[in-house]
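A.B. asks: Can you read through this structure? Questions will come right after.
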Amino acid sequence: MTNCRRMLLSLFILGSCLGTAQAAVENLSAAQVRELLSRDKKIFLLDVRTPGEYFQIRLAGARLIPIDQLERRVAEIPRDQPVLVYCAVGSRSMAVADYLSRIGVGEVYNLYGGIWAWQLRGYPVLAGPGG
């Protein structure tokens, strides 16, 4: 079993053990995310892909916390501002968004279709190791 699959399974099990009292995660299209980002500059962008994927393309201002590092780095995610989680196509990010919601992060969004949906709309991305 790969590290990513182990992490997804761990998040699912941990989320199940925490109960169901949570705010719903809202799936947003690329167009909705772009509109949200234009209105609210305080959104924490969380990229849960691998470092290789992140340096290939990413959203400007995104923080990389790979899904297999999430449990030990969860304190880096603010609880006092909205969090938008994304991955390549939206499955890893949905698992992470659900987990964050279950542990008490109040306003959590998932980029439906991931960064590929964002890029297919022609929206800007960064590439390479720079900021």
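A.B. asks: Given charges of +1 on the Cβ of Lys and Arg and -1 on the Cβ of Asp and Glu, with all other atoms neutral, how large is the dipole of the range 54-99 about its Cα centre, in debye to the nearest 20?
C.D. replies: The calculation lands at about 120 debye.
A.B. asks: At a Förster distance of 30 Å, what's the computed FRET efficiency of Ile57 paired with Ala31, Cβ-Cβ distance as r, to 0.05?
C.D. replies: Step by step, r from the Cβ atoms, then E = 0.95.
A.B. asks: Ok, one more. What residues of the range 43-73 lie in the reach of a label at Val89, counting those whose backbone N is under 18 Å from a point 7 Å from the Cα along Cα→Cβ?
C.D. replies: 48-50, 53-54, 57, 67
A.B. asks: Also, quick follow-up: Among Met94, Pro66, Ile77, whose Cα lies farthest out toward the positive end of the dipole of the range 58-108, if unit charges sit on the beta carbon of Lys, Arg (+1) and Asp, Glu (-1)?
C.D. replies: Of the options given, the answer is Pro66.
A.B. asks: How would you rank 37-47, 89-99, highest first, on the average number of other Cβ atoms within 10 Å across their residues?
C.D. replies: Top to bottom by mean Cβ count within 10 Å: 89-99, 37-47.
Every number here is computed from the coordinates shown, using simple stated rules; none is lab data. All values derive from a computational prediction rather than experimental measurement. In this analysis, Cβ positions are derived from the backbone assuming ideal geometry, glycine residues included, and neighbour counts consider all displayed protein chains.
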